[in-house]
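Q: After the structure tokens below, expect a handful of questions from me.
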Amino acid sequence: MLSVQDLTVSVITGEQPLDITRAVSFDIGPGEILGVVGESGCGKSMTSLAIMGLLPSKQIAVQSGRVLLDGSDITHLTPDQRVDVGLSGVSMIFQEPMTSLNPVMRVGAQIMEALRVHDRENGRDPFARTRELLDLVHIPDAALQMNAYPHELSGGMRQRIMIAIALACNPKILVADEPTTALDVTVQSQILNLIRELRDELSMSVLFITHDLGVVAQLADRVCVMYAGQVVETADVTQLFENPVHPYTHGLFSCLPDPGRRAEPLKPIPGQAPLLIDIPPGCAFAPRCADVTEICRSGTLPWESHSSGHQARCHHPRTGGRGNGQ
């Protein structure tokens with residue numbers, strides 16, 4: 001359904017572009033939920049904006065690579081151009097609904113605006129369709145809530161409004177950029193269950209971006225781990241949790257509290273992710289890695305397969321489960 005091939009997004013500044021993402025590649029099959037996980041600043045959100053054609057300025061652009069939607073190249077099409085050629089099958093749930101919704105428009109009007117712009121040819125009544133969408137995302141008293149302003153709704157309700165807007169035109173791919181970050185645990189669970197339910201009901205695929213491995217475990221079918229703008233490991237969610245092989249992925253798991261080992265302190269990853277202007281040659285994780293050798297600091301990183309569908313970009317992969325090497 002969606003294929004991202006060697007996508008490099010760069011900041012065009014001075015003589016040398018600064019790469020935000022570097023040759024990012026992944027595929028999403030029909031009905032699949034792909035989780036993309038990594039630290040803040042690793043390029044997750046910028047990858048999603050490139051897929052949507054919503055890069056934030058003219059100084060940030062796709063330098064190389066392609067984005068294919070159902071076999072059609074949409075890499076350099078603007079959102080309006082995608083609508084004109086009938087390739088508007090990707091929708092996005094943004095990170096913070098309070099800043100994504102218009103504070104001076106009623107939420108029903110905001111949903112109907114999306115329908116009038118992108119769903120003109122179907123001839124459906126925007127008001128009736130909005131009621132259907134609010135029912136679909138389990139908002140009670142839909143007719144009453146249509147007249148509410150965003151500030152009158154809770155965080156969970158605002159996120160459901162964002163999901164309703166994203167679903168307005170029956171997308172093939174739903175991109176969810178950390179949609180549960182600002183929500184408490186109970187509401188977060190409700191939103192995750194809703195996304196899974198909508199995936200099954202509407203037969204759509206989901207690209208779910210998060211920094212939370214717990215969310216990945218609940219929702220995703222497959223996982224891509226990103227670091228410093230690059231995919232460093234990809235696997236089925238069960239394989240990743242049972243046998244991560246990249247030292248960075250091990251580091252992420254070491255940062256998680258384990259109820260079975262309450263007396264042991266958490267093990268944060270030492271150091272910080274590199275700045276765009278200071279990406280080291282070879283493996284970007286080398287300065288923070290306990291397994292680093294000279295070969296890691298130079299040369300091309302190999303993609304190595306460790307089982308069916310499980311690959312990591314590392315010279316010294318760890319095997320034997322999450323405890324190995326810690």
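The values are calculated or read from the model by the stated rules, or taken from the named source; none is laboratory data. Owing to the predicted nature of the structure, the values given are computational and were not obtained by experimental measurement. Cβ sites come from the backbone with ideal geometry, for glycine too, and all protein chains shown count toward neighbours.
Q: So which of LEU2, LEU54 is loosely packed, with under 15 Cβ neighbours inside 10 Å, of a type in the set (A, V, I, L, M) and under 20 Å from the mean Cα position of the chain (by Cα)? Steps first, answer last, please.
A: Numbers: LEU2 fails: loosely packed, with under 15 Cβ neighbours inside 10 Å.
From the options LEU2, LEU54, the qualifying one is LEU54.
Q: Same structure again: Going by what's in this entry, would ALA142 be described as of a type in the set (Gly, Ala, Ser), in contact (Cβ under 8 Å) with a residue 40 or more places away in the chain and buried (at least 18 other Cβ atoms within 10 Å of the Cβ)? Can you show your working first?
A: Working: of a type in the set (Gly, Ala, Ser): yes; in contact (Cβ under 8 Å) with a residue 40 or more places away in the chain: no; buried (at least 18 other Cβ atoms within 10 Å of the Cβ): yes.
The answer is no for ALA142.
Q: Tally the residues that are within 17 Å of VAL232 (Cα to Cα) and either assigned to a loop (DSSP other than H, G, I, E, B) or in contact with a His (Cβ under 7 Å, 6 or more places away or on another chain) (or both), restricting the search to the range 262-288.
A: 11
Q: With the checklist (1) buried (at least 16 other Cβ atoms within 10 Å of the Cβ); (2) closer than 19 Å to MET52 by Cα in hand, flag the one item ASN170 doesn't pass.
A: So ASN170 meets the others, but not (1).
Q: For the range 217-233, enumerate the residues that are more than 14 Å from the chain's Cα centre (by Cα) and either farther than 27 Å from ILE277 by Cβ or without any contact (Cβ under 8 Å) to a residue 60 or more places away in the chain (or both).
A: So the first thing to find is which residues in the range 217-233 are more than 14 Å from the chain's Cα centre (by Cα), and the list is 217-218, 228, 232-233.
Scanning the range 217-233 gives ALA217, GLN218.
Q: Scan the range 22-48 for residues that are within 24 Å of ILE195 (Cβ to Cβ) and buried (at least 17 other Cβ atoms within 10 Å of the Cβ) and report the count.
A: 18
Q: With respect to SER40, is the statement that it is touching a residue at least 12 places away in the same chain (Cβ under 8 Å), small (Gly, Ala, Ser), in contact with a His (Cβ under 7 Å, 6 or more places away or on another chain) and under 30 Å from SER254 (Cα atoms) true? Steps first, answer last, please.
A: On the way: touching a residue at least 12 places away in the same chain (Cβ under 8 Å): yes; small (Gly, Ala, Ser): yes; in contact with a His (Cβ under 7 Å, 6 or more places away or on another chain): yes; under 30 Å from SER254 (Cα atoms): yes.
Considered against the rule, which asks whether it is touching a residue at least 12 places away in the same chain (Cβ under 8 Å), small (Gly, Ala, Ser), in contact with a His (Cβ under 7 Å, 6 or more places away or on another chain) and under 30 Å from SER254 (Cα atoms), SER40 comes out as yes.
Q: Right, something else. Consider only pairs whose beta carbons are under 7 Å apart and that are at least six residues apart or on different chains; among these, list those whose first residue lies in the range 297-309 and is in the same structural domain as ILE279 (by TED's automatic domain parsing) and whose second residue is among the acidic types (Asp, Glu) and modelled with pLDDT of 80 or more.
A: These pairs meet every condition: GLY309/ASP236.
Q: Consider SER307 carefully, then state whether it is small (Gly, Ala, Ser) and touching a helix residue (DSSP H, G or I) at 6+ places or on another chain (Cβ under 7 Å). Can you show your working first?
A: On the way: small (Gly, Ala, Ser): yes; touching a helix residue (DSSP H, G or I) at 6+ places or on another chain (Cβ under 7 Å): yes.
Against the criterion (small (Gly, Ala, Ser) and touching a helix residue (DSSP H, G or I) at 6+ places or on another chain (Cβ under 7 Å)), SER307 qualifies.
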